[in-house]
Amino acid sequence: MEKKTVVISLGGSIIVPDRIDVDFLHEFKRVILSLEDERFVVICGGGKVCRRYQDAARETGEISKEDLDWIGIRATRLNAELVRTCFGSEAHGKVIHDPQEPIDATCRIVVGAGFEPGSSTDLRAVQLAERFDAARVINMSNIDYVYSADPKKDPHAERMKAISWPAFRKLVGDTWDPGLNMPFDPIASREGERLGLEVAIIGNDMQNFEQLLRGEAFRGTTIS
């Protein structure tokens, strides 16, 4: 029987919150390897590594959005190489970039990164969910829930456990900008809605992550 595919958009902010979080990588590996009946597709973001390089580039002078995106893409690939090597021979032999490139179907763990300018790695996760017929994308980042407004700016922002795609897209808008920090990027959201995907927004708590994977109640926001 073909394995069910679980697609994870893994935020660079939890791979490298400031320094590389080796404890997180150990726990992430443990949970993934403990679930032997699923195939995992893990798409890595750029996080602070990306934003630091982009900020430095902006300080040097005028820089195009496309060049800023390429800086971000390279950062995602560095993070993805780290995650891939954590899984050793269990993982596909190289980090994938193009969501349509050939993948060894016998590999239980596939690690991917950014491909081309114009969106974040969230879009790659959506595209691979479509390719592998996965009904849901799990978005792990430093954001535990979707809020009705930015809680750092609005003390009355409400935490939401569920939200529809139209309501979520109204919150995040339609425009991509390099380094944009959103729960799920606007371009990926448009595609997710088109495909009828469910996206689970969760933080980096590994027990919570494991509960979600095992079909138990979890803390986070479901977009559908």
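Could you work out the longest stretch of the chain that avoids the GluC sites (Glu not before Pro) located in DSSP loops with at most 14 other Cβ atoms within 10 Å? With GluC sites (Glu not before Pro) excluded where exposed in loops, the chain gives 63-157 as its longest stretch. Backbone amide hydrogens, once placed in the peptide plane, bring Val137 within less than 5 Å of Glu198, Val199, Ala200, excluding anything fewer than 5 places away on its chain. For the stretch 4-223, the relative contact order works out to 23 percent when only alpha carbon pairs closer than 8 Å and six or more residues apart are counted. Rounded, prolate or oblate: pick one for the stretch 103-224, where a ≥ b ≥ c are the square roots of the eigenvalues of its C-alpha gyration tensor, a/c under 1.5 means rounded, and failing that, prolate if a/b is larger than b/c, else oblate. Oblate shape, in that a/c is at least 1.5 and b/c is the bigger or equal ratio. Its Cα gyration tensor gives the chain an equivalent ellipsoid; the semi-axes, largest first and in whole Å, are 25, 22, 17.
Within the stretch 128-166, the trypsin sites (Lys or Arg not before Pro) that combine a DSSP coil assignment with at most 14 other C-beta atoms in a 10 angstrom radius are Lys152, Lys153, Lys161.
Pairs of lysines in the chain whose Cα atoms sit within less than 30 Å of one another amount to 24, provided the residues are eight or more positions apart or on different chains. Checking every one of the trypsin sites (Lys or Arg not before Pro) in the stretch 175-215 against DSSP loop status and a limit of 13 other Cβ atoms within 10 Å picks out Arg214.
I want to verify a result. In a Gaussian network model of the chain, Cα cutoff 10 Å, which of these has the top mean-square fluctuation: Ser189, Ser34, Ser120? Taking springs between Cα atoms under 10 Å, the residue moving most is Ser34. Of all beta bridges that DSSP places with both ends in the stretch 4-223, some 15 percent have antiparallel geometry.
Readers should treat all values here as calculations from the given coordinates under stated rules, not as data from a laboratory. Just so it is clear, the structure is predicted and the values come from calculations on it, not from any experiment. When we count neighbours, we look across all protein chains shown, and the Cβ atoms used for this are built from the backbone with ideal geometry, even at glycine.
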